[in-house]
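Values in this text are rule-based calculations from the coordinates and carry no lab data. All values derive from a computational prediction rather than experimental measurement. Don't worry about glycine lacking a Cβ; one is built from the backbone with ideal geometry, like all the others, and counts go over all protein chains shown.
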Amino acid sequence: MIEITEHTRNVLLEVAKKKKIYVEGNFLKLLQAPKGDKEFEEYLSICKEKDTTARKKRLSVTKQVQSQNKELEKAAKDNEQLLEDLQVALDEAKQAEKEAQKLKDEAVEDLDMLQKRTQFELIGLIVKVALIIIIGVGVTTTLLYSIAMLAGEDTTLLGNAWSNMFGILLTNSFSIIGTIMGVKYATEKSE
């Protein structure tokens, strides 16, 4: 124990009265009032009460901070788990988007191939029909011209018509084939 001198006692009491500052902590356990000094004993009693109150407050704050820290740690773990779950969901969504894009590209490619095949079939059909018409008109005109020659009729007008008909048929057939080839060439170049 530390005995307090008269000067130290007076300073401590004056600081307590004027500035409301009291001794606290472990140092308080070492102080001893001079015998018979009731005022300083009362001062030490007040110091002990204030020290006890301050310790309880600090302990309460420490417990509160520890409780909040536990809650924060739990919340941080929950947030981390949510972030992991979110990242997994995001990765799955990206994968699904890639698969959907792949399926879309395949569908577009299949549709394009189907359109090309349909176009080629249509072109083939047009060419066949055009050739059948050209051959049919040519054969019919030739038969009429041959019959007229065999019958001994005047074939001057029929010969000119036959010659013009073949010229027109050849020109139209080349025009149709040229148009079809141009469309085919244009669609291949646009892709």
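Is it possible to state the helix-based mean residue ellipticity at 222 nm for the chain, with each DSSP H run of 4+ residues giving -39500 (n - 2.57), the sum divided by total residues, to the nearest 500 deg cm²/dmol? What is it? Don't jump to the answer; show the numbers that get you there.
Values: 4 runs with 166 residues, N = 191.
Helix contribution divided over all residues of the chain: -32000 deg cm²/dmol.
Considering only alpha-carbon pairs that sit under 8 angstrom and 6 or more positions apart, the relative contact order computed for the chain is 13 percent. Here Lys38 is the anchor, and the lysines within straight C-alpha reach of less than 25 Å, apart from those fewer than 8 places off in the same chain, are Lys17, Lys18, Lys19, Lys20, Lys29, Lys48, Lys50. Extension gain for Glu73 to Leu30 (0.36 nm times residue separation, less C-alpha to C-alpha distance): 11.4 nm. The magnitude of the dipole of region 2-190, with charges of +1 and -1 set on the Cβ of Lys/Arg and Asp/Glu and taken from the Cα centre, is near 1560 debye. Projecting the Cα atoms of Met165, Gly182, Gln87 onto the dipole axis of the chain, where Lys and Arg carry +1 and Asp and Glu carry -1 at the beta carbon, places Gln87 farthest toward the positive end. By the compact-protein rule of thumb, 2.2 N^0.38 Å, the alpha-carbon radius of gyration of the chain corresponds to a ratio of 3.47. Could you please state, rounded to a whole Å, how far the C-alpha centre of region 155-171 is from the C-alpha centre of region 16-61? Between the Cα centre of region 155-171 and that of region 16-61, the gap is 135 Å.
When peptides 72-82, 122-132 are sorted by average Cβ neighbour count within 10 Å, with the highest value leading, the order is 122-132, 72-82. Here the simple spin-label model places points 7 Å from the Cα toward Cβ, and for Thr140 and Gln87 these points are separated by 8.0 nm. Placing dummy labels 7 Å off each Cα toward the beta-carbon, the span from Ile147 to Thr53 is 13.6 nm. Given their separation in residues at 0.36 nm each and the Cα-Cα distance between them, Val61 and Glu3 gain 17.5 nm when the chain is fully extended.
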